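Following: one structure in structure tokens, then a few remarks.
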Amino acid sequence: TKTPVTVAVTGAAGNIGYALMFRLASGAMLGPDQPIYINAIELPFAMEALKGVIMELRDCAFPLVKGILATDDAEQGFENADYALLVGSKPRSKGQERSDLLKENGGIFETIGRILNKVAKKTCKTTVVGNPANTNCLITAHNAPDIPSENFSSMMRLDHDRGLAQAALKLGHDPQDITEFAVWGNHSATMFPDLTYARLFGETYRHTFGNKEFDAWNEKEFIPTVQQRGAAIIEARGSSSAASAANAAIAQTRDWVHGNDGRWLTMGIKSGGEYGIPEGLWSGFPVEVDGEGNYAIVKDLPISSFQEEQIGKSVKELLSERDAVAELLH
Ligand code: NAI
């Protein structure tokens, strides 16, 4: 049997946390043969709610769970962590400026970065879910200089899976039938879900769709639907997507660790300047994973002027977010 690994989760008593913890504990993220310790980290005011979540977690008697820690002390929570799922962050309060929210959340992730650097394993893999996820991830990685920056990813998988689902539904196929799809840029309404290279059973998606009709549908329906999906869910459900976000956090981390049969993924990762995305920004890219914990950006893709324009819009937003938190990036 494998040695247990430690998974730290912040925001464990929140909406996403409530959906995430049980999937994690069931083995959905690290596999059915990987025992885990779960370290649930919350703010002091949420410790009572967290107690309830952990009571339910125990009541599932999951065989893989070898220990559960509930704490509002992040140093204790990230101690020896092999994986960190950073879900906890502050939602925008009424009338608050976006730049103030950025700074406030940035402060949380600055602290977490420092703590990870100090107490987590140097091999720790981190997935940032809390918004603005890409910029929070940049801040975390910046403040954890002893952990390789490739070990920090921001969650773009929900956007990826939303795109796959819409593209598949349209043609009456399964999401898994579509390959070579990815989402560029920020996890926000400026993201660019990109069907340019997508294939359906080897044939291009565009061709299968019908060359003539594709562009209009892509630009007027597909892209806006995926970009606005989060808002549409809030509108319909009365609160933001939680179960699908938890699923995406599990899926992104799982595929990063275990691979996914050569399919492209979207992960928010540090740009090395690829495709004109400024070096050092965390952006969505098409990536491939090797099944041994490594990923690489898909290389040498031709980029059209339409793509360039779409990617550019989202990159502009990422740059302005980075500017807003410049003081946390010394
Ligand atoms: P929520 O408000 O229900 O839960 C957040 C929890 O985090 C709360 O229980 C809070 O006490 C806790 N928390 C806040 N700061 C913390 C800290 N410093 N340490 C530990 N815990 C802390 O929010 P929900 O719905 O669970 O969403 C969480 C975040 O995920 C939000 O920022 C949301 O915008 C983001 N999100 C990201 C998505 C993505 O695709 N990247 C998709 C959906 C949501």
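Only the coordinates and a few stated rules stand behind these numbers; no lab work does. Being a predicted model, the structure only gives us computed values, none of them experimental. Reconstructed Cβ throughout: ideal geometry from the backbone, glycine too, with neighbour counts over all protein chains shown.
See the values below:
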| quantity | calculated |
| --- | --- |
| Using θ = phi - 60° and Karplus 6.51 cos²θ - 1.76 cosθ + 1.60, couplings along the range 219-233 (whole Hz; Gly, Pro as x) | 7, 8, 10, 4, 4, x, 4, 5, 4, 9, 4, x, 5, 5, 6 |
| Likely footprinting exposure, PHE22, PHE152, fewest C-beta neighbours within 10 Å first | PHE22, PHE152 |
| Two-decimal log10 I(q)/I(0) for the range 157-324, as the Debye equation yields it once each C-alpha is a single scatterer, q = 0.09, 0.12, 0.14 Å⁻¹ | -0.29, -0.53, -0.73 |
| Nitroxide proxy distance, nm - points 7 Å out along Cα→Cβ at SER304 and ASP146 | 4.9 nm |
| Tilt relative to the chain, helix 15-26 - C-alpha long axis, 0 to 90 degrees, to 10 | 80 degrees |
| Where only alpha carbons of the chain are counted, the Rg and the Dmax (Å) | 19.3, 58 |
| Extension gain (nm, one decimal) between GLU235 and GLU48, 0.36 nm per residue minus Cα-Cα | 64.4 nm |
| Formal net charge of residues neighbouring PRO193 (Cβ-Cβ distance under 9 Å; K, R +1; D, E -1) | -1 |
| Principal axis dimensions, largest first and in whole angstrom, of the range 5-154 by Cα | 44, 35, 23 |
| Pairwise FRET efficiency - GLU213 versus GLU104, Cβ, R0 = 45 Å, nearest 0.05 | 0.50 |
| Stretch gain in nm, segment GLU327-GLU274, where the contour uses 0.36 nm per residue and the Cα spacing is subtracted | 16.5 nm |
| 0 to 90° range, to nearest 10: angle between helix 133-142 axis and the chain longest Cα axis | 60 degrees |
| Candidates GLU221, GLU110, GLU97: whichever shows maximal mean-square fluctuation once the chain is modelled as a Gaussian network with Cα springs under 10 Å | GLU97 |
| Segment THR3-ASP174, extension gain: residue separation times 0.36 nm, minus the distance between their alpha carbons | 57.9 nm |
| Amide proton proximity set for ALA70, modelled H, under 5 Å, gap of 5+ | ALA40 |
| Highest-fluctuation residue, THR253, THR71, THR127 considered, GNM on the chain with Cα pairs under 10 Å | THR71 |
